[in-house]
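J.: Sharing a structure with you now.
The values are calculated or read from the model by the stated rules, or taken from the named source; none is laboratory data. None of these values were measured; they are calculated from a predicted model. Here the Cβ positions follow ideal geometry from the backbone for every residue, glycine too, while neighbour counts run over all protein chains shown. Only protein heavy atoms, including side chains, enter the accessible area calculation; ligands, DNA and RNA are left aside. Shrake-Rupley method; radii C 1.70, N 1.55, O 1.52, S 1.80 Å.
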Amino acid sequence: MKFTLSWLKDHLETDASLTEITDKLTAIGLELEGVEDPRDALAPFKICFVEDAWKHPDADKLNVCMVNDGTNTVQVVCGAPNARKGMKGVFAPSGSYIPGSEMTLKPGVIRGEESNGMLCSERELMISDEHNGIIDLPEDAPIGMSFAEYAGKDDPIIEIAITPNRGDCLGVYGVARDLAAAGIGTLKQPNLDPVKGSFDSSINWNRVEGLGDDAPRAVGCLVKGIKNGPSPKWMQDRLLAIGLRPISALVDITNYVTFDLGRPLHVFDADKVKGDLTIGYAKGGETLLGLDGEEHTFEEGMIIISDENGPESIGGIMGGEISGCTEETTNVFLESALWHPVRIAETGRKLSVETDARYRFERGVAVSYTHLR
């Protein structure tokens, strides 16, 4: 389980140091696996100003730049199309290790022109996949300042080991609750105020007879008129910090809630759902093209969510491609349900499907947070 220090402090009011927090985690049974400080990897990188730039005399796609890092002015040969005089960017001096390309910079001569260092792209700093140009900072970015500090890339990442009986700590909120109980600060209560709807849902839940504890509870709501684009940068940064690739607002929000509250969610594209959604047992032989791109064949008794078209989701484990959300999605049905841990584990093993939702449901997910008010 990974989370950042600032993420933890969203739920925990504390003045404790990072060391005090990590020591207490191990003391309460949430054994520390490690702490990664992005400032270490980004330490050499500073905000710079390109004082001058001109075309390389012997290479059409290269520019020669005079770069001021707040202390020195050096010459750098750069192939980025957006490199230009007067811009502010991120500079790595000779001797720096570039994590995105796994190389250490050395002074050199490129087509007869000296080059001492590098103007960096986001991919070279491993903060995104963007590499079509170098980082282009606002005019007010302070020359010579640490880029990690300027960009907020100075948030330590904490990793802890979770034993099978501690599913309650597979969300940052649960970790904060345990730390608060152990005397490290005060737990902040989440906002659980209901949001009043303005229309009735056109999609309803049905449950077949006899589900009992296999699927004791399922709720959902219809949300209309959304625009599915990129998620907020702060959310993307946190997901990237724990090893998740941002995809879209809808996917990122459900992933974020999974790791924030330990509560897996699923969103259906409401316009692709035919009729109501029914939680029930597979008869055996039904198939579903999952969001993992694989076709899964169900055995009799596996719990599935279906509409009039057939299976739409593997209950508590993974949704299906046919009702998956895309950039064109404008209406969604948000599902939140409870599932029996043993049934989730059995189904996941038989289908060989590993997901963050399965990992949490088979260890037990909190029924409600309302008792924490």
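J.: What number of residues within the range 186-240 satisfy the criterion of being open to solvent by less than 90 Å² (accessible area, probe 1.4 Å), assigned to a loop (DSSP other than H, G, I, E, B) and either among the small types (Gly, Ala, Ser) or closer than 18 Å to VAL251 by Cβ (or both)?
T.: 11
J.: Please work out which residue is least open to solvent (accessible area, probe 1.4 Å), limiting yourself to the range 39-53 and to residues that are over 14 Å from MET145 (Cα atoms) and touching a residue at least 12 places away in the same chain (Cβ under 8 Å).
T.: At the first step, the residues of the range 39-53 found to be over 14 Å from MET145 (Cα atoms) are 40-41, 50-53.
From the residues that got through so far, the ones that are touching a residue at least 12 places away in the same chain (Cβ under 8 Å) too are 41, 50-53.
Working: ALA41: 57, VAL50: 1, GLU51: 74, ASP52: 60, ALA53: 28 Å².
Applying the filter and picking the extreme gives VAL50.
J.: Quick check on my filter: what residues within the range 273-302 are open to solvent by 10 Å² or more (accessible area, probe 1.4 Å), among the β-branched types (Val, Ile, Thr) and in contact (Cβ under 8 Å) with a residue 60 or more places away in the chain?
T.: Result: VAL273, THR278.
J.: Only strands (runs of 3 or more DSSP E) wholly contained in the range 2-57 count here; list those with 2 or more residues that are within 28 Å of PRO93 (Cβ to Cβ). Can you show your working first?
T.: Numbers: elements: 2-4, 32-36, 46-55.
Ranges flagged: 32-36, 46-55.
J.: For the range 58-68, name all the residues that are at pLDDT 95 or above and not in a strand (DSSP E or B). Before the answer, list the steps.
T.: At the first step, the residues of the range 58-68 found to be at pLDDT 95 or above are 62-68.
LEU62, the sole residue that qualifies.
J.: Determine whether the range 138-150 contains at least one residue that is closer than 30 Å to GLU31 by Cα, open to solvent by less than 40 Å² (accessible area, probe 1.4 Å) and not in a helix (DSSP H, G or I). Can you show your working first?
T.: Step one: list which residues in the range 138-150 are closer than 30 Å to GLU31 by Cα, which gives 148-149.
Those still in the list that are open to solvent by less than 40 Å² (accessible area, probe 1.4 Å) too: 148.
Still in the running and not in a helix (DSSP H, G or I): none.
Taking every residue of the range 138-150 in turn, none turns out to be closer than 30 Å to GLU31 by Cα, open to solvent by less than 40 Å² (accessible area, probe 1.4 Å) and not in a helix (DSSP H, G or I).
J.: Of the residues in the range 106-126, how many are surrounded by 12 or more Cβ atoms within 10 Å (Cβ to Cβ) and on the phi > 0 side of the Ramachandran plot?
T.: Adding up the residues that qualify gives 3.
J.: Loosely packed, with under 14 Cβ neighbours inside 10 Å, under 17 Å from PRO264 (Cα atoms) and not hydrophobic (A, V, I, L, M, F, W, C): does that describe GLU335? Spell out how you get there, then give the answer.
T.: Working: loosely packed, with under 14 Cβ neighbours inside 10 Å: no; under 17 Å from PRO264 (Cα atoms): yes; not hydrophobic (A, V, I, L, M, F, W, C): yes.
No.
J.: Checking the condition under 24 Å from SER6 (Cβ atoms), open to solvent by 60 Å² or more (accessible area, probe 1.4 Å), without any contact (Cβ under 8 Å) to a residue 24 or more places away in the chain and of a type in the set (Asp, Glu), which residue from ASP129, ASP168 passes? Give the derivation first.
T.: Details: ASP168 fails: without any contact (Cβ under 8 Å) to a residue 24 or more places away in the chain.
The match here is ASP129.
J.: Against the condition within 22 Å of the chain's Cα centre (by Cα), part of a strand (DSSP E or B), among the hydrophobic types (A, V, I, L, M, F, W, C) and farther than 30 Å from ASN331 by Cβ, how does ILE162 come out, does it pass?
T.: Numbers: within 22 Å of the chain's Cα centre (by Cα): yes; part of a strand (DSSP E or B): no; among the hydrophobic types (A, V, I, L, M, F, W, C): yes; farther than 30 Å from ASN331 by Cβ: yes.
The answer is no for ILE162.
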